[in-house]
Amino acid sequence: MNDVLVLVPPWVAYLLGAVVVLLASRRVGTVVAVALAALTVPWILAAPTGAGPTIAPLGFEQVPVRIDGLSRPVAALFGFVAALNVLYGYATEADVRQSAYSLVYMSAGVAVVLAGDWLTLLVAWELLAVSATILLWHHGGDAVRPAFRYAIYHLVGGAFLVGAIALHYATAGTFVDDGGFTEGLPTVLALAGVGVNLGFIGLHAWLPETYSRPHVTTTVVLAGFTTKVAVYALARLALDGNAVVAWLGAVMVFYGVTQAILQTDMRRLLSYHIISQLGYMIVALDIGTAAGLAGAFAHLTANVLYKGLLFMVAGAIIVRTGETSLKRLGGLAWEMPVVFGTFLIAALAITGVPGFSGFVSKGLVMKAVENAGADLLWWVLVLGSVGTALSFAKFGYYAFVRRAPEPLSVAPSRITLSTVLVVIALPSILFGILPEVFLGLFAGDADGFEPYAASELAKALVVAAAGVGAFALFRTRLARIQPVDVDRVLHPVAAAATTSTAALAVRVGSAATVAGEELTGRLGSLAGRDPEIAETTLHTALLALITTTAVALLVAALA
């Protein structure tokens with residue numbers, strides 16, 4: 001009976017949700033889409049371990065669904081988060097088209113995770129980049145150029161991945177993932193391609209700019225999927241570990257947290273913390289131990305939850321106050337108590353305070369690194385943890401504790417928004433107080449790790465105290481720092497190239513839009529149609545595209 005669950009890929013539910021969102025009223029569409037995304041959680045958990053049916057629509061063997069110790073927890077996590085993301089979009093007044101784009105994007109992310117062959121993974125990977133670009137572009141305004149920058153970086157990364165998979169096929173003679181990837185040039189190219197999504201330093205400049213510009217719901221959706229899907233792909237590519245990649249992760253930890261401390265825009269601060277937190281996962285994966293593998297995926301899970309909550313908190317502040325900068329905020333603990341309470345949970349989790357998920361996952365990562373004998377790596381992670389505590393002490397103080405420099409106008413709370421924040425906050429507590437259950441969800445081996453041993457408690461508390469103390473000591477100096485785009489200084493060539501290319505693309509796109517509107521208007525006038533025909537036509541075309549894609553994928557899966 002359970003075999004039926006892998007006949008149709010679970011990500012089809014997301015595409016069906018996108019269709020319903022476009023067809024139904026906003027409220028009904030949201031309810032159905034949330035239900036469909038949530039349905040994939042028990043669907044994936046109940047599915048049997050192993051590969052689903054093999055298909056060959058292009059003459060190559062493909063396995064659209066494979067359930068194992070790596071894919072099961074990640075795909076189930078994405079289902080839970082996707083449902084909350086759709087509900088968060090409703091609470092923050094995201095339009096139906098944005099919700100549909102989000103569902104298509106999230107379906108591509110789940111398709112990558114469940115793919116049992118490199119060709120399916122590659123197709124889903126490219127769809128992830130394209131749908132993310134459309135999602136960003138849809139917001140318009142100052143999100144358009146970052147959307148093109150995102151496209152440039154990710155399509156170049158995709159080209160590296162195409163080359164890697166082609167070379168692997170030439171050597172292995174199959175696209176089916178049998179537990180390894182061809183070493184040498186194919187692996188190097190694959191790491192470069194995946195490294196763009198991972199935000200390797202030098203390839204990361206797209207991330208803080210992209211996540212700080214669009215609608216708050218778009219930021220939440222992108223932050224939960226893009227880089228985490230890349231961590232999963234890295235695990236598939238380099239299960240045996242790689243010392244060079246581990247040190248790339250360590251650089252990400254230090255660079256990301258340093259830049260986060262200097263930010264005043266809430267979403268830029270959180271974006272640099274994505275880079276830093278990814279570094280922990282990469283280090284854990286590439287020390288090449290079973291404990292490192294378990295720690296990486298435990299930290300991925302914890303991070304998706306508490307970082308998603310932090311972006312939701314920032315979005316709630318933006319929606320209710322209209323402010324994005326910490327310099328103009330203050331006193332929100334009394335004005336927004338639910339937002340403040342859930343912020344505290346997320347901040348304590350990412351800081352690694354005992355009783356919260358980050359304490360367990362980060363503790364296992366650091367213990368795995370320590371047991372691997374990588375002392376210098378371990379100290380980099382410790383410094384990163386101190387910097388994390390410092391930056392979230394800063395976030396909390398400026399947004400919630402101090403008196404606002406000028407009176408703030410705070411919009412009333414919405415019950416839907418508060419509900420989403422509370423629901424996504426709960427696992428960060430549950431996983432902290434039930435570490436055995438939490439760590440038992442993942443592949444690898446925790447190797448007898450006891451998070452609440454006296455030594456682990458002492459380390460965590462010292463790190464948290466050092467970070468808070470550092471903020472208290474340097475708060476005045478940090479307040480005098482003016483926000484700068486550090487990446488434009490460190491990576492001027494990349495910044496100039498992507499900015500100029502994005503500007504050209506914007507001009508071409510604007511000209512095409514104007515020409516299209518004129519042509520549509522003339523045709524509409526000739527037909528005697530209402531001027532709103534353009535909007536109706538676009539809506540219908542989008543619906544047709546999603547419906548056709550869903551049906552085609554369903555037929556292919558059943559073939």
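The values are calculated or read from the model by the stated rules, or taken from the named source; none is laboratory data. None of these values were measured; they are calculated from a predicted model. Don't worry about glycine lacking a Cβ; one is built from the backbone with ideal geometry, like all the others, and counts go over all protein chains shown.
If only residues of region 130-150 that are surrounded by 23 or more Cβ atoms within 10 Å (Cβ to Cβ) and among the aliphatic types (A, V, I, L, M) are counted, the one that is farthest from the chain's Cα centre (by Cα) is A147.
The residue list T171, T182 contains one member that is part of a loop (DSSP other than H, G, I, E, B), touching a residue at least 12 places away in the same chain (Cβ under 8 Å) and either surrounded by 23 or more Cβ atoms within 10 Å (Cβ to Cβ) or polar (S, T, N, Q) (or both), which is T182. Beta carbons closer than 6 Å, at least 6 apart along the sequence or on distinct chains, pair a first residue in region 133-149 that is within 14 Å of A205 (Cβ to Cβ) with a second that is in a helix (DSSP H, G or I) for R145/A502; P146/E209; P146/T210; F148/A502; F148/A505; R149/W206; R149/T498; R149/A502. Would you mind stating whether G163 is of a type outside the set (D, E), part of a loop (DSSP other than H, G, I, E, B) and over 19 Å from Y105 (Cβ atoms)? No: the conditions fail for G163. State yes or no: is T133 part of a helix (DSSP H, G or I) and among the β-branched types (V, I, T)? Against the criterion (part of a helix (DSSP H, G or I) and among the β-branched types (V, I, T)), T133 qualifies. Residue by residue through region 446-469, note down the ones that are charged (D, E, K, R) and either exposed (fewer than 15 other Cβ atoms within 10 Å of the Cβ) or touching a Cys at 6+ places or on another chain (Cβ under 9 Å) (or both). Matches in region 446-469: E450 only. Here is a check on your reading of the model: is L344 within 22 Å of the chain's Cα centre (by Cα) and surrounded by fewer than 20 Cβ atoms within 10 Å (Cβ to Cβ)? Yes: the conditions hold for L344.
Take the residues of region 185-203 that are aliphatic (A, V, I, L, M) and outside any helix (DSSP H, G or I): which is farthest from G109 (Cα to Cα)? It comes out as I201. E126 meets each of the listed conditions (1) in a helix (DSSP H, G or I); (2) farther than 21 Å from G79 by Cα; (3) among the acidic types (D, E) apart from (2). May I ask you to verify whether M312 is crowded, with 24+ Cβ neighbours inside 10 Å, at pLDDT 95 or above and closer than 21 Å to Y255 by Cβ? The answer is no for M312. Figure legend. Inter-residue proximity from region 443-459: first residues in the same structural domain as S361 (by TED's automatic domain parsing), second residues modelled with pLDDT of 95 or more and among the β-branched types (V, I, T), beta-carbon distance below 7 Å, spacing 6+ or different chains. Indicated pairs: P451/V360.
Within the option set G292, G330, being of a type in the set (G, A, S) and surrounded by fewer than 23 Cβ atoms within 10 Å (Cβ to Cβ) holds for one residue only, G330. Against the numbered list (1) more than 23 Å from L430 (Cα to Cα); (2) of a type outside the set (D, E, K, R); (3) touching a residue at least 12 places away in the same chain (Cβ under 8 Å), P354 comes up short only at (1).
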